[in-house]
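This report refers to the structure that appears directly beneath it.
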Amino acid sequence: MSRKLRKINQYRRKNKNLIAAKKIQPEKWCISKSEAQAALNAQGCNVKEIKKVHCLKHQVSISYWDIKGNICSSFFSYRIFSRWQQEVETLIAECQTLKEWQKLNYLLKYEFAYYHYPSEMAYRLQAALENRLSLLEDVGQVMKITENPSQNLSPKTVETLHATSLH
């Protein structure tokens, strides 16, 4: 008799976050002790000195001394670092088409729903997404206007629309 093997990964969501989708690879970051200390202090940990920082695929392990002199060690999300915000803003800025923007927006909706983001970081990333969308839509409108000469717009109007969409 053969035994039916259970599918382990049947219900696993794949490529839903930025790390699993290989959009951001934070395990390759060299996080300095001062950068780790600043991020932990912003999270409310009273850090006196960082002992060790070890980057893993989805999180970072940080050992540190607190103000009372106790040695503490814990795992932290990469999302607490300002570098994470810079990487995501770069991804947003690199979207050249609406389709690319939609894929990134899908990933970021999942990120915001399932991972804790500092409120200011979430606000700024959402604003960057909205700004990029409006820019891509404006460029798309200009492309439609320049491709469709039947709209009888003057060349100066088309040039003005194109110039404003690039800024």
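Can you give the FRET efficiency for residue 131 and residue 75, using 1/(1 + (r/R0)^6), R0 = 41 Å, r = Cβ-Cβ distance, to the nearest 0.05?
0.80
I need the phi-derived Karplus couplings for segment 68-82: 6.51 cos²θ - 1.76 cosθ + 1.60, θ = phi - 60°, integer Hz, Gly and Pro marked x.
Ordered by residue, 3J(HN,Hα) equals 7, x, 7, 8, 10, 9, 7, 9, 10, 6, 5, 5, 7, 8, 5 Hz.
Each value in this text was obtained by applying a stated rule to the coordinates, not by laboratory testing. What you are looking at is a predicted structure, and each value in this text was computed from that prediction instead of being measured. Positions of Cβ are generated from backbone atoms using ideal geometry, with glycine treated the same way; all protein chains shown enter the neighbour counts.
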